[in-house]
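Read the structure below first, then the notes.
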Amino acid sequence: MLLTEFTSGETRVNAAGSTLREVIADLDRQHPGVGERIIDSGGIRPEVLVAIGSDEAFGADSPVGPEQEVIILPAIAGG
């Protein structure tokens, strides 16, 4: 799952919000369809890894500080 298909190939975009849910909602407003690939009714989708700054986010209501970077990656599994 590549999210860049929703962002016209951009790997960095700006979005605002004080929680991860708000940031993803703003991202989805700018790039429709991307939000449901990251968060569902249960929270962060299991196939996605989200970090806020240098810490992994474990919930959609995790706080996001001003100017803090949110990193969204497909989770990697295997063995």
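The values are calculated or read from the model by the stated rules, or taken from the named source; none is laboratory data. Since the structure is predicted, the reported quantities are computational estimates derived from the model, not experimental observations. FYI the Cβ positions are ideal-geometry reconstructions off the backbone, even for glycines, and counts take in every protein chain you see. Surface areas here come from the heavy atoms of the whole protein model, side chains and all, with no ligands, DNA or RNA. Shrake-Rupley method; radii C 1.70, N 1.55, O 1.52, S 1.80 Å.
Data overview
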| item | result |
| --- | --- |
| Single condition Val13 does not satisfy, out of (1) β-branched (Val, Ile, Thr); (2) assigned to a loop (DSSP other than H, G, I, E, B); (3) touching a strand residue (DSSP E or B) at 6+ places or on another chain (Cβ under 8 Å) | (3) |
| Conditions (1) under 11 Å from the mean Cα position of the chain (by Cα); (2) touching a residue at least 24 places away in the same chain (Cβ under 8 Å); (3) not in a helix (DSSP H, G or I): number failed by Thr7 | (1) |
| Counted residues, the range 26-44 - those being free of Cβ contacts under 8 Å to residues at least 12 places away in the same chain and surrounded by fewer than 17 Cβ atoms within 10 Å (Cβ to Cβ) | 6 |
| Some residue of the range 31-43 being in contact with a strand residue (DSSP E or B) (Cβ under 9 Å, 6 or more places away or on another chain), among the charged types (D, E, K, R) and assigned to a helix (DSSP H, G or I) | yes |
| The range 1-10, residues that are open to solvent by 100 Å² or more (accessible area, probe 1.4 Å) and polar (S, T, N, Q) | Ser8 |
| Hits in the range 69-79 (condition: at pLDDT 95 or above and open to solvent by 80 Å² or more (accessible area, probe 1.4 Å)) | Glu69 |
| Top-ranked residue of the range 45-56 - restricted to ones that are modelled with pLDDT of 95 or more and touching a helix residue (DSSP H, G or I) at 6+ places or on another chain (Cβ under 9 Å), ranked as nearest to Ile76 (Cα to Cα) | Val50 |
| Options Val13, Val48; residue that is in contact with a His (Cβ under 9 Å, 6 or more places away or on another chain) and surrounded by 13 or more Cβ atoms within 10 Å (Cβ to Cβ) | Val13 |
